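The values are calculated or read from the model by the stated rules, or taken from the named source; none is laboratory data. All of these numbers come straight from a predicted model, not from anything done at the bench. Note that we place each Cβ from the backbone using ideal geometry, even for glycine, and neighbour counts take in every protein chain shown. Note: accessible area is taken over every heavy atom of the protein model, side chains too, but ligands, DNA and RNA are not part of it. Shrake-Rupley method; radii C 1.70, N 1.55, O 1.52, S 1.80 Å.
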Amino acid sequence: METGEGADGPGGPGLGCASFNQDSTSLAVGTKTGYRLFSVTSVDKLDCIHESADTPDVYIVERLFSSSLVVVVSQAMPRRMNVYHFKKGTEICNYSYSNSILAVRLNRQRLVVCLEESVYIHNIKDMKLLKTLLNTPSNLSGLCALSTNHSNSYLAYPGSATIGEIIVYDANNLSTVTMIPAHDSPLAAITFNASGTKLASASERGTVIRVFTIPEGLRLFEFRRGMKRYVNISSLSFSPDAQFLCASSNTETVHIFKLEQHGPSGDEESPTWSAYMGKMFSAASSYLPAQVSGMMCQDRAFATVRLQMAGQRNVCTLATIQKLPRLLVASSDGQLFIYNVDPQDGGECTLVKTHRLFGADEEHGTGEAEGTAPPQPCQSYAATVAMPTTGPVSATLTGYSEDGGAIKGEVIPEHEIAAGPVCLDDETEFPPINWCRDGSRSGKERRT
């Protein structure tokens with residue numbers, strides 16, 4: 001979320017941007033004076049695990065899972081991307097591009113930089129530029145999405161500036177997978193689920209949200225956010241198990257949709273009023289015009305949240321915190337709202353905690369909070385029970401050493417080992433680009 005001018009709140013500088021990391025355990029915010037990283041693994045306590053005042057006017061800050069790697073872009077140098085090891089306080093490398101950087105996305109295999117009319121794909125292991133996608137359709141907002149599952153590394157970006165086409169690109173094999181005709185209007189938001197098997201999208205109208213299968217590009221679900229007005233959808237996010245999808249906009253309402261197929265057997269076993277009405281609508285839709293019948297077949301929100309403000313940009317995510325499903329909303333006025341979600345009955349979500357990102361209730365940690373209180377294992381969001389991990393073992397990525405820090409006498413926090421192959425607690429984990437750590441040289445863009 002880029003907030004533009006930012007909002008000056010009491011007790012702190014204006015908020016320039018906010019983003020959750022790939023598993024929603026950390027929140028990164030950019031400010032007029034630098035950036036901050038918060039741990040969001042607890043409801044009652046918001047720990048500031050790192051704060052930097054070295055780079056002013058930060059409008060992009062992205063953290064790689066729970067590692068020490070953070071990517072920063074400043075308004076002072078909008079064409080330059082800086083990659084830092086924030087725990088050591090060192091720069092890993094920096095790259096300069098031909099135009100302003102609009103977005104950065106990363107997983108454990110790839111780092112993607114999006115400009116207005118081009119996309120750059122780097123190998124995150126050594127930051128080598130692997131591919132440049134030139135002459136892409138004009139993308140003023142830098143809209144793009146990268147699957148967090150690095151075993152496939154699907155990249156999605158607009159295929160047109162006038163209609164809602166989505167290009168799905170394989171960032172591992174460097175080839176186009178498919179083109180999805182998602183909407184009649186230009187795209188406003190896109191996101192992958194954690195496994196990279198589903199892609200959700202919304203157009204600039206903001207009335208309909210669609211979910212597609214990946215890599216096939218087949219429409220799987222269609223949800224209607226509203227009918228009365230067009231809105232600007234600013235954020236889409238799947239729950240960890242992809243059973244729910246949340247959408248926030250410039251209105252005061254956040255919608256949560258449930259991704260479930262309505263089978264005929266379930267309706268017969270436990271008939272309800274909604275199921276009965278659904279059958280009636282389904283039967284009637286065959287006699288109505290296609291546009292009307294399509295609206296009748298769209299599912300409505302399973303749960304909703306009424307925010308305390310409207311008209312402000314925000315970013316939302318669904319996460320399991322302390323074994324319960326939660327909705328987190330970070331707003332451009334510098335607040336973080338945490339809501340309880342009922343995974344069985346839905347309805348109106350309950351606000352349980354409000355944190356100020358710059359204020360009296362802000363807790364400054366020493367960086368040890370993540371190590372002493374590691375995040376809970378990934379759980380089924382709907383049932384809130386444990387689910388087995390599906391991430392690949394570290395042997396699938398050569399070039400990273402999870403025991404490198406231990407060999408050199410350094411203790412690697414347990415949560416970073418569990419996060420995957422990238423730990424970034426060893427200076428030799430990026431051997432090809434050690435030469436640019438001291439800032440004496442910088443990487444330059446290359447076209448391939």
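With respect to the conditions (1) under 15 Å from Arg36 (Cβ atoms); (2) out of contact with any Asp or Glu (no Cβ under 8 Å at 6 or more places or on another chain); (3) aliphatic (A, V, I, L, M); (4) buried (at least 22 other Cβ atoms within 10 Å of the Cβ), Met81 falls short on a single one, namely (1). The residues of region 236-252 that are under 19 Å from Thr197 (Cα atoms), among the polar types (S, T, N, Q) and part of a strand (DSSP E or B) amount to a single one, Ser237. Only residues that are closer than 20 Å to Ser195 by Cα, in contact (Cβ under 8 Å) with a residue 60 or more places away in the chain and not charged (D, E, K, R) were counted across region 107-143, and they come to 3.
To keep it simple, each residue is scored yes or no on (1) open to solvent by less than 10 Å² (accessible area, probe 1.4 Å); (2) closer than 22 Å to Ser141 by Cβ; (3) at pLDDT 95 or above.
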position: Ile190; (1), (2), (3): no, yes, yes
position: Gly196; (1), (2), (3): yes, no, yes
position: Glu204; (1), (2), (3): no, yes, no
position: Pro215; (1), (2), (3): no, no, yes
position: Arg229; (1), (2), (3): no, yes, no
position: Ser234; (1), (2), (3): no, yes, no
position: Phe238; (1), (2), (3): no, yes, yes
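Taking the listed residues Lys125, Lys131, Lys87, the one that is within 21 Å of Val29 (Cβ to Cβ) and of a type in the set (D, E, K, R) is Lys87, with no other qualifying. Take the conditions (1) open to solvent by 10 Å² or more (accessible area, probe 1.4 Å); (2) free of Cβ contacts under 8 Å to residues at least 60 places away in the same chain; (3) of a type outside the set (D, E, K, R); Ile49 misses just one of them, which is (2).
Taking the conditions (1) outside any strand (DSSP E or B); (2) open to solvent by less than 20 Å² (accessible area, probe 1.4 Å) in turn, Val104 satisfies each one other than (1).
If the condition is being open to solvent by 40 Å² or more (accessible area, probe 1.4 Å) and in a loop (DSSP other than H, G, I, E, B), then region 176-188 contributes only Asp184. Residue count for region 116-131 satisfying the condition of being within 16 Å of Ala156 (Cβ to Cβ) and of a type in the set (A, V, I, L, M): 2.
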